[in-house]
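I have placed the structure first, in the form of C-alpha cells, so that the comments after it can refer back to it.
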C-alpha cells in the first residue's frame with residue numbers, strides 16, 4: 001500500500017514557523033539572554049582558532065579559487081566570498097577541532113550550524129540591531145535540538161551524523177528569523193532545508209569531511225531561507241509526512257520518533273539552556289570519562305605505571321560512538337576515540353588543543369596506553385535514555401589490587417554544571433589570541449557580551465575580520 005502525506009497536515013512544522021516568525025528580543029528570558037551570549041562567544045572562539053588548520057585551509061583555498069564574489073566574511077581572516085560559501089566555511093571552522101558546544105539530548109552542535117547563516121544575513125543588512133541578532137540566534141538555537149529530541153538517540157545509532165542532518169533546521173530557523181520571514185515563508189524555508197539533510201557517521205573515522213558537515217548544514221539552512229524569501233516553496237509537512245518526510249525517512253519507521261517533542265513547550269521551555277560547552281578538545285561523549293579520571297586522581301593520586309586496566313561502563317551509544325579500539329586514521333579519529341583521549345590525558349595531563357597534533361596520531365606511547373582501556377555497554381545506563389547517554393561509571397584497576405570507581409552524569413561545562421562567564425571568556429581568549437591581538441580579542445568579547453546595545457549587529461562581523 002502506497003504511503004501518503006501524514007493526513008494530519010503540518011501542525012508541528014506550522015508551530016515551529018509561527019514561533020520563529022514571531023519571536024522577538026523582548027520574549028527572551030533573562031537567563032536565556034545571558035546564556036546565549038556566552039554560547040555565541042564560545043562558538044566564535046572555536047572558529048577563530050580553526051582558520052589555519054589543514055582542513056580549514058583546504059576549504060578556504062578551494063572555495064576561494066571557485067568564487068570571486070566578496071560579500072560575506074570568512075571569520076578570523078581578511079577573506080570574503082559569496083554568502084553560501086562563506087557560511088559553509090564558517091560552519092566548518094566552528095566544528096574544526098571538536099571544541100564547540102553540544103546539546104546532549106538533541107545530539108547537535110548548535111552554534112556551528114546556527115550562527116554562520118545569521119551573521120551572513122546581518123552582514124548584508126545594517127538595519128539588523130544587536131537585539132534582532134540575539135532574537136534570531138535564540139530562535140535558531142531552539143529548533144535543531146527539538147528535532148534531535150524528536151528523533152531520539154537512535155538517529156545517530158543508525159549511522160546518521162546528527163550535526164549534518166538536524167542542523168539544517170537550526171540554520172533555516174535562524175536565517176528565517178534574521179530575514180524576518182513570515183510564517184508561510186518560514187514553513188518553506190524549513191521544507192527546503194530539510195530535504196538537503198545528509199551526513200554519515202563513518203566520517204568520524206579519520207576523514208576531514210566530518211568538519212565540513214556543520215558547514216553544509218549551515219549552508220542548506222541559508223539556502224532554505226534565502227530561496228523562501230523569493231517565493232521558492234519547500235516540503236510543507238517536512239516533519240509529518242508518512243512517506244518521505246524527515247522523521248519517517250531518517251528513522252526508517254512510522255513510530256520511532258516523537259512529533260510532539262518538536263513544538264512542546266516552544267517559547268516557554270528553552271532548549272538553549274540545555275546546551276553544554278567543552279573544555280576538552282574532543283567529542284562530547286568523552287568528557288564525562290575524563291572528568292571521572294580527574295576525580296579519581298584527585299582523591300587517589302596515581303602514576304600511569306600503577307594502572308592495570310581502565311573500564312568505562314556507558315550507554316550503547318557511547319560504546320558504539322567512541323569506544324572502538326583505536327587505529328591511527330587521522331586527527332578526527334583521535335579526537336573522537338575515547339581510549340586515545342584517556343591515553344592523552346594520562347600521558348600529558350590535559351586534552352586541549354596543544355595535545356592534538358598530527359605527529360601524535362600514530363604515537364606508539366598513546367596507542368599502547370589506549371590498549372589499557374575497555375569501553376563496554378551498561379544496559380542500565382542505556383535504559384536511562386538519551387538524557388543520560390553520556391553517563392559513565394569509570395573503573396580503574398591498579399596493579400596493587402586497589403580499585404577506584406567514579407560515576408559521572410555530566411561533565412564540566414554541561415547544562416547541569418555550566419561554566420561561569422569568566423571561564424567562557426578565558427577559553428575564548430586562549431583560542432582567539434592565536435589569530436587576533438589582545439585589543440581585538442577584547443573588542444569581540446565586549447561586542448558579544450553587550451550585543452543588545454548595538455545599533456547595527458554588523459559591528460560583530462567587522463570585529464571578526466583579521
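The values are calculated or read from the model by the stated rules, or taken from the named source; none is laboratory data. These numbers come from a predicted model, not from an experiment. Ideal geometry is used to build each Cβ from the backbone, glycine not excepted, and the neighbour counts take in all protein chains shown.
Okay, here's what the table says:
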| quantity | calculated |
| --- | --- |
| When residues of the range 148-161 are limited to those that are touching a strand residue (DSSP E or B) at 6+ places or on another chain (Cβ under 8 Å) and surrounded by fewer than 24 Cβ atoms within 10 Å (Cβ to Cβ), the one farthest from residue 93 (Cα to Cα) | 159 |
| Answer residue from the range 355-369, given it is outside any helix (DSSP H, G or I) and under 20 Å from residue 99 (Cα atoms) and is nearest to the chain's Cα centre (by Cα) among those | 356 |
| Subset of the range 55-74 [under 22 Å from the mean Cα position of the chain (by Cα) and without any contact (Cβ under 8 Å) to a residue 40 or more places away in the chain] | 57, 60, 74 |
| Index of the failed condition, residue 274 passing every other in (1) modelled with pLDDT of 95 or more; (2) within 20 Å of residue 201 (Cβ to Cβ) | (2) |
| Failed item, numbered, when residue 69 is tested on (1) at pLDDT 95 or above; (2) in a helix (DSSP H, G or I) | (2) |
| Unique residue being surrounded by fewer than 23 Cβ atoms within 10 Å (Cβ to Cβ), at pLDDT 95 or above and part of a loop (DSSP other than H, G, I, E, B) when the list is 347, 266 | 266 |
| Residue match in the range 281-290 (condition: without any contact (Cβ under 8 Å) to a residue 12 or more places away in the chain and either in a helix (DSSP H, G or I) or within 23 Å of residue 199 (Cβ to Cβ) (or both)) | no |
| Single unsatisfied condition, residue 128 versus (1) surrounded by fewer than 20 Cβ atoms within 10 Å (Cβ to Cβ); (2) outside any helix (DSSP H, G or I) | (1) |
| Residue match in the range 380-388 (condition: buried (at least 18 other Cβ atoms within 10 Å of the Cβ) and in a loop (DSSP other than H, G, I, E, B)) | no |
| Options 293, 310: the member that is part of a strand (DSSP E or B), surrounded by 18 or more Cβ atoms within 10 Å (Cβ to Cβ), modelled with pLDDT of 95 or more and not assigned by TED's automatic domain parsing to the domain that holds residue 195 | 310 |
| From the options 239, 250, residue that is touching a helix residue (DSSP H, G or I) at 6+ places or on another chain (Cβ under 7 Å) and closer than 29 Å to residue 324 by Cβ | 250 |
| Residues satisfying the stated conditions in the range 82-107, i.e. under 20 Å from residue 432 (Cβ atoms) and assigned to a loop (DSSP other than H, G, I, E, B) | 95, 96, 97, 98, 99, 100, 101 |
| Residues located in the range 350-369, provided they are under 18 Å from residue 54 (Cβ atoms) and surrounded by fewer than 17 Cβ atoms within 10 Å (Cβ to Cβ) | 354, 357, 358, 359, 362 |
| Any pair with Cβ under 9 angstrom, 6 or more apart, that starts in the range 82-95 at a residue that is more than 19 Å from residue 163 (Cβ to Cβ) and outside the structural domain of residue 118 (by TED's automatic domain parsing) and ends at one that is crowded, with 24+ Cβ neighbours inside 10 Å and at pLDDT 95 or above | none |
| Candidate set from the range 399-432 (those that are in contact with a strand residue (DSSP E or B) (Cβ under 7 Å, 6 or more places away or on another chain) and not in a loop (DSSP other than H, G, I, E, B)); member that is surrounded by the fewest Cβ atoms within 10 Å (Cβ to Cβ) | 403 |
| Odd one out for residue 139 among (1) more than 15 Å from residue 167 (Cα to Cα); (2) at pLDDT 95 or above | (1) |
| Any hit, the range 182-198, residues being in a helix (DSSP H, G or I), surrounded by 23 or more Cβ atoms within 10 Å (Cβ to Cβ) and in contact with a strand residue (DSSP E or B) (Cβ under 9 Å, 6 or more places away or on another chain) | no |
| Where a residue in the range 1-19 is under 20 Å from residue 254 (Cα atoms) and its partner, wherever it lies, is modelled with pLDDT under 55 and in a helix (DSSP H, G or I), with Cβ under 6 Å and at least six apart | none |
| In the range 269-290, residue surrounded by the fewest Cβ atoms within 10 Å (Cβ to Cβ) [restricted to those that are more than 15 Å from the chain's Cα centre (by Cα) and under 26 Å from residue 49 (Cβ atoms)] | 290 |
| Unmet requirement for residue 228, which otherwise passes all of (1) closer than 24 Å to residue 60 by Cβ; (2) in a helix (DSSP H, G or I) | (1) |
| Residue that is surrounded by the fewest Cβ atoms within 10 Å (Cβ to Cβ) [pool: residues in the range 249-261 that are touching a residue at least 12 places away in the same chain (Cβ under 8 Å) and more than 18 Å from residue 385 (Cβ to Cβ)] | 252 |
